[in-house]
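K.L.:
Before anything else, here's the structure in question.
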Amino acid sequence: MKNKEKIHSVSDNIFKDIGLVHPDRMLARAEIMLKIAEIIKARGLTQKEASKILGLPQSKVSCLLSGKLSMFSLDHLFQLLNMLDEDVEIIIKPKTRKEKFAATHVMLAPAL
């Protein structure tokens, strides 16, 4: 008996691949949370120090750093970036003709 391997094509969005609702928005939140974690790490902040800067309990900073998406809205993540002295710029534009649906994307500027 031969083992037949199933091959699944994947996209660049794991949330879409596993069939979650609003995968673009979930990926955006995940990418922003990762950026916040990178900023905290680059500054050498402890969770306790980050909690003071962000105005969050240390336990919520832990949730942020471990990627608990359901605990943070995009708006809240934008506020946290501002508290870390990061600008947030939102660009709204029509979808291209090649795109079937409009989507949400995050573009992160390179670190200085």
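The values are calculated or read from the model by the stated rules, or taken from the named source; none is laboratory data. The structure displayed is predicted, hence computed values, not measured ones. Positions of Cβ are backbone-derived with ideal geometry, glycine not excepted, and every protein chain shown enters the neighbour counts.
K.L.:
Name the residues in the stretch 63-94 that are outside any loop (DSSP other than H, G, I, E, B) and polar (S, T, N, Q), would you? Write out each step before concluding.
P.N.:
Initial filter on the stretch 63-94 (outside any loop (DSSP other than H, G, I, E, B)): 63-65, 69-71, 74-83.
Listed by number, the residues that qualify are SER70, GLN79, ASN82.
K.L.:
I've got another one for you. Test of understanding: among LYS41, LYS93, which residue is surrounded by fewer than 13 Cβ atoms within 10 Å (Cβ to Cβ) and either at pLDDT 95 or above or touching an Asp or Glu at 6+ places or on another chain (Cβ under 6 Å) (or both)?
P.N.:
Among LYS41, LYS93, only LYS41 is surrounded by fewer than 13 Cβ atoms within 10 Å (Cβ to Cβ) and either at pLDDT 95 or above or touching an Asp or Glu at 6+ places or on another chain (Cβ under 6 Å) (or both).
K.L.:
Sticking with this structure for a sec: For the stretch 68-85, enumerate the residues that are within 15 Å of the chain's Cα centre (by Cα) and either among the charged types (D, E, K, R) or modelled with pLDDT under 90 (or both).
P.N.:
Within the stretch 68-85, LYS68, LEU69, SER70, ASP75 meet the criteria.
K.L.:
Part of a helix (DSSP H, G or I), at pLDDT 90 or above, over 19 Å from the mean Cα position of the chain (by Cα) and basic (Lys, Arg): does that describe LYS52?
P.N.:
Details: part of a helix (DSSP H, G or I): yes; at pLDDT 90 or above: yes; over 19 Å from the mean Cα position of the chain (by Cα): yes; basic (Lys, Arg): yes.
In short, yes.
K.L.:
Out of all the residues in the stretch 10-47, which are farther than 20 Å from GLN58 by Cβ and assigned to a loop (DSSP other than H, G, I, E, B)?
P.N.:
Passing the criteria: VAL10, SER11, ASP12, ASN13, ILE18, GLY19, LEU20, VAL21, HIS22.
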